[in-house]
Amino acid sequence: MIYSLEINDVRKRYGDFEAVKGMSFRVRKGGCFGILGPNGAGKTSLLAMIEGLTSITSGSISVLGMDVATQIRKIQPRMGVQLQQNNYFRFLTVAQLLKFYQELRVAGNGKRNGKPVAWLLDRLGLSDKLNFKVEQLSGGQKQRLSIAVALLGDPDVIFLDEPTSALDPHSRLYTWEFIEQLKQDPDKTVVLTTHYMEEAERLCDEIMIMNDGKLIAQGSPSELVQSMQAHHSIQFRFAKGRFKLEFVKDMVGVIDLQWDDKTDCLRVQTREVADTLREILAVSENQSIDVINFDVNRPNLEDVFLSHTGKD
Ligand SMILES: Nc1ncnc2c1ncn2[C@@H]1O[C@H](COP(=O)(O)OP(=O)(O)O)[C@@H](O)[C@H]1O
Ligand SMILES: [Mg+2]
């Protein structure tokens, strides 16, 4: 197995405060790895150590088989870094800024033929902004520009720190589709942090959930959901005043039933979603009770996240 990252019992202390409390995990080469956690979990601190931007208090990190503490100069040319916050030269145009970073990359790495700048800008929806000054871009455009900058020099490992936080839905979709295209290259590994479940579920092949500086779960989105043994829930709304709970006693697979006679809503947690649906619809048919609507909710990453990190 080839690993892009190997993290061994890593800690980060700021004075008396320990932000990363002994984490160990590995990231396989290729695909997208997500680091999921609430604000303050330590995601940025962890990334900064992996990127060689801050010292490692204890433990060790290797990127592409090289040790961050001793070989960072060899690693850096092969990684692309998008920081959570950027202060670009605001009087430069997008074209000038990209040229500037590209020249820095060439000075550092020599020439590598990655994605052309025009391709990056097109896919990030910035093609028509080449002659705009950085200060004339919206927040979402600046954030997408920082992804383009991270990809200059054809990096093998790409770190994106909350790439879509504070983006409008349009920018977010652009960014998601862009990351999906990056993932098609089996030699590139994308590592992103996020606190959006939907983003992690859509983009990531593997996810590590962290909270309070500690790793609390790791696996593919579906493995994480399964490991929680969460159940489907179905919600029905019936015609007013007709339904009674005794109609649906003793159904196979049902774990919990809640009936609210003010709203005529039935909420069912079940292991056998298809059977439960069939039985309840049969009851409503036999008793001639109209079903106004129903919803089926599959367990998702959000349930996993909340169960591990607490509802706060
Ligand atoms: N330079 C720093 N000095 C002191 N504390 C810090 C510093 N950077 C981060 N922290 C603290 O470490 C914790 C984790 O922060 P951070 O890594 O930014 O988390 P996240 O990216 O998950 O929101 C927070 O409590 C934060 O206040
Ligand atoms: Mg952060």
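Here are a few things to note about the model shown:
- Residue check, Gly65 in contact with a strand residue (DSSP E or B) (Cβ under 7 Å, 6 or more places away or on another chain) and either surrounded by fewer than 21 Cβ atoms within 10 Å (Cβ to Cβ) or touching a residue at least 60 places away in the same chain (Cβ under 8 Å) (or both): no
- Taking the listed residues Leu47, Leu36, the one that is within 13 Å of ligand 2 (Cβ to nearest atom), touching an Asp or Glu at 6+ places or on another chain (Cβ under 7 Å) and touching a residue at least 40 places away in the same chain (Cβ under 8 Å) is Leu47, with no other qualifying.
- Only residues that are open to solvent by less than 70 Å² (accessible area, probe 1.4 Å), part of a loop (DSSP other than H, G, I, E, B) and free of Cβ contacts under 8 Å to residues at least 12 places away in the same chain were counted across the range 231-263, and they come to 0.
- Remark: pairs (first residue in the range 2-25, not assigned by TED's automatic domain parsing to the domain that holds Asp212; second residue open to solvent by 10 Å² or more (accessible area, probe 1.4 Å) and among the β-branched types (Val, Ile, Thr); Cβ separation under 7 Å; 6+ apart in sequence or on different chains) are absent.
- Condition check for Leu97: assigned by TED's automatic domain parsing to the domain that holds Ala166, more than 16 Å from ligand 1 (Cβ to nearest atom), of a type outside the set (Asp, Glu) and surrounded by 14 or more Cβ atoms within 10 Å (Cβ to Cβ): yes
- Failed condition for Gln84, given (1) polar (S, T, N, Q); (2) at pLDDT 95 or above; (3) in contact with a Ser or Thr (Cβ under 7 Å, 6 or more places away or on another chain): (2)
For (1) part of a helix (DSSP H, G or I); (2) surrounded by 17 or more Cβ atoms within 10 Å (Cβ to Cβ); (3) modelled with pLDDT under 95; (4) among the basic types (Lys, Arg), each residue gets a yes or a no:
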{"site": "Ser4", "(1), (2), (3), (4)": "no, yes, no, no"}
{"site": "Ile7", "(1), (2), (3), (4)": "no, yes, no, no"}
{"site": "Val10", "(1), (2), (3), (4)": "no, yes, no, no"}
{"site": "Ala19", "(1), (2), (3), (4)": "no, yes, no, no"}
{"site": "Val27", "(1), (2), (3), (4)": "no, yes, no, no"}
{"site": "Thr44", "(1), (2), (3), (4)": "yes, yes, no, no"}
{"site": "Ser55", "(1), (2), (3), (4)": "no, no, no, no"}
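- Residue satisfying condition, being more than 26 Å from Ser165 (Cβ to Cβ), aliphatic (A, V, I, L, M) and not in a strand (DSSP E or B), within set Ala69, Ala48: Ala69
- Filtered by the rule that a residue be more than 16 Å from ligand 2 (Cβ to nearest atom), without any contact (Cβ under 8 Å) to a residue 24 or more places away in the chain and not β-branched (Val, Ile, Thr), the range 72-86 gives Arg73, Lys74.
- Among the residues listed as Leu281, Leu301, Leu266, Leu277, the single one being closer than 30 Å to Phe17 by Cβ and among the aliphatic types (A, V, I, L, M): Leu301
- Test: residue in the range 29-45 that is away from ligand 1 (no atom under 16 Å from the Cβ) and touching a Phe, Trp or Tyr at 6+ places or on another chain (Cβ under 7 Å): yes
- Of the residues examined, Ser227 is not one that is surrounded by fewer than 15 Cβ atoms within 10 Å (Cβ to Cβ), of a type outside the set (A, V, I, L, M), touching an Asp or Glu at 6+ places or on another chain (Cβ under 9 Å) and within 30 Å of Val191 (Cβ to Cβ).
- The listed residues are Pro186, Pro155, Pro163, and the only one of them that is more than 16 Å from ligand 2 (Cβ to nearest atom), open to solvent by less than 20 Å² (accessible area, probe 1.4 Å) and under 27 Å from Lys115 (Cβ atoms) turns out to be Pro155.
The values are calculated or read from the model by the stated rules, or taken from the named source; none is laboratory data. If you're wondering where the values come from, they're calculated on a predicted model, not measured in any experiment. Don't worry about glycine lacking a Cβ; one is built from the backbone with ideal geometry, like all the others, and counts go over all protein chains shown. Accessible surface is based on the protein model in full, side chains and every heavy atom, while ligands, DNA and RNA are left aside. Shrake-Rupley method; radii C 1.70, N 1.55, O 1.52, S 1.80 Å.
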